[in-house]
Structure formats: C-alpha cells, structure tokens
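The values are calculated or read from the model by the stated rules, or taken from the named source; none is laboratory data. All values reported here derive from a predicted model rather than from experimental measurement. All Cβ positions, glycine included, derive from the backbone under ideal geometry; neighbour counts span all protein chains shown. Ligands, DNA and RNA are stripped out before the accessible areas are found, and what is left, the full protein with its side chains, is counted by its heavy atoms. Shrake-Rupley method; radii C 1.70, N 1.55, O 1.52, S 1.80 Å.
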Amino acid sequence: MDQPAHIIDDLFAGLRRRPDVEAANLHAWDATDRLLLETAAAEGRAGTRIAVIGDRYGALTLGAGAVLEPEDLRVHQDLVTGERALRLNAGPGARFEQLPLGADLLAGAGTVLLQLPKTLAELEEIAAAVALHADRDAVVLAGGRVKHMSLGMNRVLEQYFTTVQPQLARQKSRVILASWPRSDAPATKFPVLEHLAELDLAVAAHGAVFAGPKLDIGTRFLLDFLPTMPAAAHAVDLGCGTGILAAMYARRFPGAVVTASDQSAAAVASALATARANNLADRISVLQDDALSTLPAGSADLVLLNPPFHVGAGIHAGAGLKLISAAARVLAPGGELWTVYNRHLPYLPALEREVGATDVRGQNPKFLVARTVRRALR
Ligand SMILES: C[S@@+](CC[C@H](N)C(=O)[O-])C[C@H]1O[C@@H](n2cnc3c(N)ncnc32)[C@H](O)[C@@H]1O
C-alpha cells in the first residue's frame, strides 16, 4: 500500500469543504475515508464497479478513482453541498456519476463504499436499496468512527445481508464488511408516513431527514406563533426537513405559495411527500439547494427558520449564520424572518446586522423565537 498511501495523502491534502462551512477545526476527510480505501484495496475490490454512498466532500469518490481503478464509479451524497464540493474538488475531467439513492446508482455495482450515516433509519434505507439493486455478490464496506458506531448498525445490516463482519479498528475507525444480500430482506419502508395528532398533520420522512417523522421541540415552539405571523404571498421554509413548517403555514394561510428548501435530498423528498399527504402540493414546491443560492434576491415576504446547530460532530454556529444571511438576501424589504433557536446561540446580533430590526417574540427555558423585519435596501 506504499504507493496508494502516498496518493491518498496527496489527494486528501488538497480537499476542501466549500460551499459548506469552512473553519480550522472542520475537516474535509477523516480516518474512515482512508481506512475504507485501504480495506477495499486489501480485499481485492480494485477494478470492480464501485458505488460510493455518503461521501462527505469527495475523499472517497476521488480516492477510489485514484487508487482502486474502478470499472465505473457512481456516487450518492444526500447533501447538495457535498455534491458541489466533490465537483469542485474533482476539477475538470474527473470521471464519476452523481446519482440519487436507487437503481441507477447501484445496478451492477460489485463494491459499495459507505460512510456510515448518523442514524439507524438512514442506514436501513441505504441497506435496503443496496440489497435490492446491487449485484448478488456485491461487497459493502461500511466504515465509521468507532465512537459513532453501535451494535444496532450491525443488526440493521444483518437484516439485509447474510454475512456481516466487523473488522479490527484502526485509528479510531472501523470497517464492517457486509455481503450476500438476503433473499428474505424486508422491503423498504421509506418514506415512513405518520400522523402527528397534536398538529393533525401527516408527516413523511426518509431515513436521513432531521427528527424523522416526529415534531422537533424547537419547531413546536415556533408553531405557537403561527397565528401572529403575517399572511405572505411567498413564504419560504428554509432548512425544511420534513416540511412541517411549510405545511402548517400553507394550511393556515390559503393565499400563500410556499417554497420548502433544504440542502438534503432526503429532506426535500420528505417535504414533497408531506405536502402531498396533506393535499397541499399545489401550493408547496420543494427546492434542494444550499442556503437558497438559486432563489432570486428579494423574492420572498416571509422566511421560517429553525436553523441547524450541529456541523459534523462539533457544535458550530456557522451553518445557522449562513442561513440567516440567506434569509436576508431572499427577503423583500419589509418581509419578515421568524427564527427559533437555542437561547445560548449568538444569533441576535447577526439577525440585527444581516437582516434588520429584531424583536424577541417568546422565550422558554430552551428556545427563543425572534421576528426580524428586513430593512430597506440602501
Ligand atoms: C433543525 S433542522 C429543521 C428542520 C425542519 N425545518 C423542522 O423544523 O423540523 C435544520 C435543517 O436545515 C437544513 N440545512 C442545514 N444547512 C443548510 C443549508 N446550507 N442549506 C439548506 N438547508 C440546510 C438541514 O438539512 C436540516 O434539515
């Protein structure tokens, strides 16, 4: 592995995360990427048709292209930021196809390189897709940081594959080899559809979506203020997840059209299914995008925002600040941004600075709801 190790070192050294948040303590690759590539080489997976799932910024895809000589190389990433980062890191002339999780990604694949996802639900949706579509003799190499792995992951894989073999950990990462998809594997249950009694709303959720089909407690608090929000012609649910805010707003304000937008493919697919399940799809459209980058400036009169506060494993406010700036850009002057966030986060100055005059509409022991009016352009 001397030669490939060198190639991997050089490749990883040049990787960046943009357009995702960049900071000195946030990295574009981790030891799992390296371990997955080295294990794939050691297991004789070079020269096969390779599907990559869950690559963050391109380390796995570009690494596989550089050291595994794949017959073909396909990749699925849930986040549009990851897709864009991969393309930027690849530069012109790189050879891989970016595809949704499904048959086009997996048909004929002999090797699947998987960065294990955060939740068992996401792993289950991925495992079901691989078992259904990949080659019968495909080998899945599923890797993660040991501290984020659980026996539950093995159990999920065992539902879909006959052989599941955890390998020895190295540098705090571990690879699980899964092979021989089970003929009696359960059919996929995603998106799950649940009725939220407290809102009388059907919520659809793919495996990777925030909060699954449940109501986040911050979102619940923001919804308390729905009756006091203005009636907008165009409202945006920014970072929509399953689209609960979009659906609740559209239902309460029948004159509004709503854009539900998220960087996650699973989120926008869930939000669309939620809109359909509640007969609101004629007024709710979904947009997979990074911080509304393709929505024209000044095109919305209301933005609803429950920002993320986890970036990767570390808590970092950068992702929330990015969405506040996005709201400032898409709001027309006089338009309103309604935000709910954990009280300890330093968003108030950013709301005032980026968007305009802000008043705190409510607080509970954990959260704060702020209304910010977009100032006129100077
Ligand atoms: C706290 S969750 C809120 C989800 C949903 N609005 C709810 O209330 O259940 C934040 C959401 O923001 C999305 N998000 C984070 N960064 C984003 C970005 N740069 N562009 C678009 N969406 C983003 C995440 O994918 C996640 O779904």
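To keep it simple, each residue is scored yes or no on (1) within 11 Å of the ligand (Cβ to nearest atom); (2) among the small types (Gly, Ala, Ser).
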position	(1), (2)
Asp290	yes, no
Ala332	no, yes
Tyr347	no, no
Lys366	no, no
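Could you tell me whether Val146 is β-branched (Val, Ile, Thr) and touching a residue at least 24 places away in the same chain (Cβ under 8 Å)? Yes, satisfied. Can you confirm whether Leu168 is surrounded by fewer than 15 Cβ atoms within 10 Å (Cβ to Cβ) and either in the same structural domain as Thr111 (by TED's automatic domain parsing) or in contact with a Ser or Thr (Cβ under 9 Å, 6 or more places away or on another chain) (or both)? Yes, satisfied. For the residues Phe210, Phe225, the requirement of being open to solvent by 10 Å² or more (accessible area, probe 1.4 Å), of a type outside the set (Asp, Glu), more than 7 Å from the ligand (Cβ to nearest atom) and assigned by TED's automatic domain parsing to the domain that holds Ala281 singles out Phe225. Set side by side, the residues Arg276, Arg220, Arg251 differ, and just one is part of a helix (DSSP H, G or I), over 19 Å from Gln77 (Cβ atoms) and within 13 Å of the ligand (Cβ to nearest atom), which is Arg220.
The single residue among Gly243, Gly318 that is touching a helix residue (DSSP H, G or I) at 6+ places or on another chain (Cβ under 7 Å), within 13 Å of the ligand (Cβ to nearest atom), open to solvent by less than 50 Å² (accessible area, probe 1.4 Å) and closer than 22 Å to Leu368 by Cα turns out to be Gly243.
For Ala205, are the conditions met, namely being in contact with a Gly (Cβ under 6 Å, 6 or more places away or on another chain) and surrounded by 17 or more Cβ atoms within 10 Å (Cβ to Cβ)? The answer is yes for Ala205. Of the residues making up the stretch 228-240, those that are within 11 Å of the ligand (Cβ to nearest atom) and part of a loop (DSSP other than H, G, I, E, B) are Gly239, Cys240.
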